[in-house]
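Peer 1: After the structure tokens below, expect a handful of questions from me.
The values are calculated or read from the model by the stated rules, or taken from the named source; none is laboratory data. Model, not experiment: these values are computed from the prediction. Using ideal geometry, Cβ is built from the backbone for each residue, glycine included, and neighbour counts are taken over all protein chains shown.
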Amino acid sequence: MLSVPVVDMQGNSAGAREIDPAILGGRVRPMLLKQAIVGYRSNQRQGSARTKSRGQVAGSTRKLYRQKGTGNARAGTIRTNVRRGGGVAFAKGEQNWHKALPKKMRRLARNSAILARIAGGSAVIVKGLFFEAPKTRLFVAMLKAIGADRGCVVAIDAFDDVVYRSGRNVPRTEIRAVGQLNALEVLRRPKLVFSEAAFDLLSRDLVLARPGEAEDHGTT
């Protein structure tokens, strides 16, 4: 069993919670994590950069001057790629960088990332994570107290507008519902912070997952 420390919003220890690594896949899978992260980053690319070929630029198709007798080099249309304002020799259109990753692989990669954070001592559970009103100052003070002020992902059980508005402007900090976590977001920040409700929800969902979903599917 792995132990996750529990602290309050002032950073005082409030015990620990245990989680079975088997429900998170049993071990960290570096190759699957790399595949997932490359896929997530690739899917964020717009692919909208493009260039125009000689057939797409504006200009006449008339031959500039006759082939012989002028003393000049042979020349065709003004839209040729060797002339200024002409088309590009090997023009590129809009590109699709999308990489598909099956749902089970995405889930296993997320679980592997969470397991890596827990096993590395970079995960913490905050007891009583609550703000009466949006206060960035209080949110920053909490992060500093729990040692997550250098960057973290805060996982809550469901969208909370007050918590979100309190921390949305804090640099290097993301606030996500636990069901929206992915491997890239978990690993890009040095600390993973759970609310108690989020940790309970994650543990319950993993336990209730269909048999075999947390097993190795031959992806690594």
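Peer 1: Just to be sure I understand, how many residues within the range 42-88 are touching a residue at least 24 places away in the same chain (Cβ under 8 Å) and either in contact with a helix residue (DSSP H, G or I) (Cβ under 7 Å, 6 or more places away or on another chain) or part of a loop (DSSP other than H, G, I, E, B) (or both)?
Peer 2: Here the count works out to 20.
Peer 1: Does VAL126 qualify as being among the hydrophobic types (A, V, I, L, M, F, W, C), surrounded by 15 or more Cβ atoms within 10 Å (Cβ to Cβ) and out of contact with any Leu (no Cβ under 8 Å at 6 or more places or on another chain)?
Peer 2: yes
Peer 1: Find all pairs meeting these conditions: Cβ atoms under 9 angstrom apart; at least six residues apart or on different chains; first residue within the range 182-209 and within 21 Å of ASP149 (Cβ to Cβ) and hydroxyl-bearing (Ser, Thr, Tyr); second residue part of a helix (DSSP H, G or I) and modelled with pLDDT under 95.
Peer 2: So the pair list comes out as SER195/VAL163; SER195/VAL178.
Peer 1: TYR40: of a type in the set (Phe, Trp, Tyr) and assigned by TED's automatic domain parsing to the domain that holds GLY120, yes or no?
Peer 2: On the way: of a type in the set (Phe, Trp, Tyr): yes; assigned by TED's automatic domain parsing to the domain that holds GLY120: yes.
The answer is yes for TYR40.
Peer 1: Quick check, is ASP20 under 24 Å from LEU192 (Cβ atoms) and loosely packed, with under 14 Cβ neighbours inside 10 Å?
Peer 2: On the way: under 24 Å from LEU192 (Cβ atoms): yes; loosely packed, with under 14 Cβ neighbours inside 10 Å: yes.
Criteria met by ASP20.
Peer 1: Do you know which residues across the range 23-34 are assigned to a loop (DSSP other than H, G, I, E, B) and crowded, with 18+ Cβ neighbours inside 10 Å?
Peer 2: Residues satisfying the conditions are GLY25, VAL28, ARG29.
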